[in-house]
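One structure is given below, encoded as structure tokens.
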């Protein structure tokens, strides 16, 4: 799959927030083919892109190299039991889209630098009524995303149904 998909509107609509970040890289966690990372790298922001899919990361790395973008790819299985995939790393911002692994929530918060930004959007449990994902392990309960990051300062939070494409999501932007 080529890396030409449109970035998430949650990022494009809130781009000015990225001007207020502390000095450091942005992590696109479970980035897939990197649509959001490429968009931000084109804004001359340093990106780390983490995913377990090596093929997707290779395509992303090639797209970044073709455009001479500041982007590092990092292949990692974020759901490996007993490991700490983020370790002691610190990021100015962390992006998480269409991904939910509850055991990572505290590690995500710890990996944010003071003043750092969390931008998170994933599916609500109502999503199961219209399609995938339908596994409750990958679906948020109402209010759950905001509760996981209650110690951060919420800048934006909404749970809603979208029409294009049809889906139910929770969106959070929060600052540490």
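The values are calculated or read from the model by the stated rules, or taken from the named source; none is laboratory data. Note that the structure is a prediction, hence the values are computed from the model and not measured. Because the Cβ atoms are built from the backbone with ideal geometry, glycine has one as well, and the counts that use them run over all protein chains shown.
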* Structure fact -> Among the residues of the stretch 14-37, the number that are over 11 Å from residue 91 (Cβ atoms) and in contact with a helix residue (DSSP H, G or I) (Cβ under 6 Å, 6 or more places away or on another chain) is 5
* To do: Please determine, by comparing only the residues of the stretch 149-160 that are over 19 Å from residue 92 (Cα atoms) and either modelled with pLDDT under 85 or within 17 Å of the chain's Cα centre (by Cα) (or both), which one is surrounded by the fewest Cβ atoms within 10 Å (Cβ to Cβ).
  => 158
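Modelled with pLDDT of 95 or more, farther than 24 Å from residue 76 by Cβ and not in a loop (DSSP other than H, G, I, E, B): which single residue out of 171, 127 fits that description?
Only one candidate passes the filter, namely 171.
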* **Residues that are without any contact (Cβ under 8 Å) to a residue 24 or more places away in the chain and either in a helix (DSSP H, G or I) or within 16 Å of residue 104 (Cα to Cα) (or both), drawn from the stretch 130-146** => 136
* Structure fact -> Of the listed residues (91, 138), the one being surrounded by 12 or more Cβ atoms within 10 Å (Cβ to Cβ) and in contact with a helix residue (DSSP H, G or I) (Cβ under 6 Å, 6 or more places away or on another chain) is 91
* closer than 22 Å to residue 77 by Cβ, touching a residue at least 60 places away in the same chain (Cβ under 8 Å) and buried (at least 21 other Cβ atoms within 10 Å of the Cβ), is that true of residue 118? -> no
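Yes/no per residue for (1) more than 12 Å from the chain's Cα centre (by Cα); (2) within 24 Å of residue 151 (Cα to Cα):
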{"residue": "15", "(1), (2)": "yes, yes"}
{"residue": "32", "(1), (2)": "no, no"}
{"residue": "70", "(1), (2)": "yes, no"}
{"residue": "85", "(1), (2)": "yes, yes"}
* Asked: Any idea which of (1) closer than 18 Å to residue 120 by Cα; (2) surrounded by fewer than 18 Cβ atoms within 10 Å (Cβ to Cβ); (3) modelled with pLDDT under 95 is the one residue 44 doesn't satisfy?
  -> (1)
* Structure fact -> Just one listed residue, out of 27, 86, 15, is crowded, with 16+ Cβ neighbours inside 10 Å, under 24 Å from residue 157 (Cβ atoms) and modelled with pLDDT of 95 or more, and it is 27
